[in-house]
Structures are given as structure tokens and as C-alpha cells.
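Inspection log for the structure reproduced underneath, given as C-alpha cells.
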Amino acid sequence: FLISLIYALIKDGLNEGQSYGKQALGIMVINVNTNKPCSVMNSCGRNLLTSIISGIPYVGFIIEIIMILVNSDGRKLSDLAASTQVIEKNDYVQ
């Protein structure tokens, strides 16, 4: 259980901002302030807040979807708080 929890928190900070799923989809998470791949600390903040918001019965998951749709850059609430953004790996320029 503990290994799964730790991975869930840090997954976007591994492999240059790509969890295994993001690698398969060709996307990555970057820090919008530094334009570098997501760090482990950014990943923890991003995924912890996502878990908290999604844990709100009935509306938590919907909040994140609404934020993605209304934000011009497609960032969800947890991305705004952690200063991260999901982008296409091919679009990443350091």
C-alpha cells in the first residue's frame, strides 16, 4: 500500500515529467515557472491536491473537469496550485 501511495504522489516527477501512462500517451508535466520537467515536489503537490479535490463526494471530479474547460491553457486546479501544466512531449522545448 505504501509503495502505491508514494508512486501516486511522485509519478509525474519521474522520467522527465512523465509517469508510465504519460509516456504511453506522449505527454509530460512541466513546471510553468521554470519550463523544466515536473519535479518530485511539484508532483507531490499536484497529485495530493488532485486526490483531495477528487475525494469530495459527487462534485470533486467535476470541479477539475470544469477548471480544465474554463482555463485558457487547460490547467486544472491542482496544476494552478503546483505551477504545472500537462503538454505534448513533442512540443517541449527547453
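The values are calculated or read from the model by the stated rules, or taken from the named source; none is laboratory data. Worth saying up front: this structure is predicted, and the values here are computed from it rather than measured. As a convention, Cβ positions derive from the backbone with ideal geometry for all residues, glycine included, and neighbour counts pool all protein chains shown. Surface areas here come from the heavy atoms of the whole protein model, side chains and all, with no ligands, DNA or RNA. Shrake-Rupley method; radii C 1.70, N 1.55, O 1.52, S 1.80 Å.
What shape does region 41-83 have by the C-alpha gyration tensor, where a ≥ b ≥ c are the square roots of the eigenvalues, rounded means a/c under 1.5, and otherwise prolate means a/b greater than b/c and oblate the rest? Mind showing how you got there, number by number?
Working: a/c = 3.59, a/b = 1.05, b/c = 3.43.
Oblate.
If you average the alpha carbon positions of region 30-94 and of region 1-16, how far apart do those two centres end up, in angstrom?
If you average the Cα positions of each part, the centres end up 15 Å apart.
Among I53, I66, I30, which one shows the highest mean-square fluctuation when the chain is modelled as a Gaussian network with alpha-carbon springs under 10 Å?
The residue with the greatest mean-square fluctuation here is I66.
From the Cα gyration tensor of the chain, with a ≥ b ≥ c the square roots of its eigenvalues, which class applies: rounded if a/c is under 1.5, or else prolate if a/b is larger than b/c, or else oblate?
Working: a/c = 1.77, a/b = 1.16, b/c = 1.52.
Cα axes put the chain in the oblate bin.
Ignoring any ligand, DNA or RNA, what whole percent of the accessible area of the chain comes from carbon and sulfur when the probe is 1.4 angstrom? It would help to have the intermediate numbers written out before the result.
Numbers: 3870 of 5920 Å².
With neighbouring chains kept in place, the figure for the chain is 65 percent.
For the chain, what is the accessible area per residue in Å², given a 1.4 Å probe and the full set of protein chains?
Numbers: 5920 Å² over 94 residues.
Per-residue value: 63 Å².
Using a 10 Å cut-off on Cβ atoms, rank the peptides 11-18, 82-89 from the highest mean neighbour count down. Walk me through the intermediate numbers first.
Values: 11-18: 20.2, 82-89: 18.1.
Put in order of decreasing packing, that is 11-18, 82-89.
Kindly report, to the nearest 10 Å², the accessible surface of M67 as traced by a 1.4 Å probe over protein heavy atoms only.
That residue has around 50 Å² of solvent-accessible surface.
When the solvent-accessible surface of protein heavy atoms is calculated with a 1.4 angstrom probe, in what order do Y92, Y7, Y20 fall, highest first? Each step should come with its number before you reach the end.
On the way: Y92 45, Y7 80, Y20 150 Å².
These residues rank, largest area first, as Y20, Y7, Y92.
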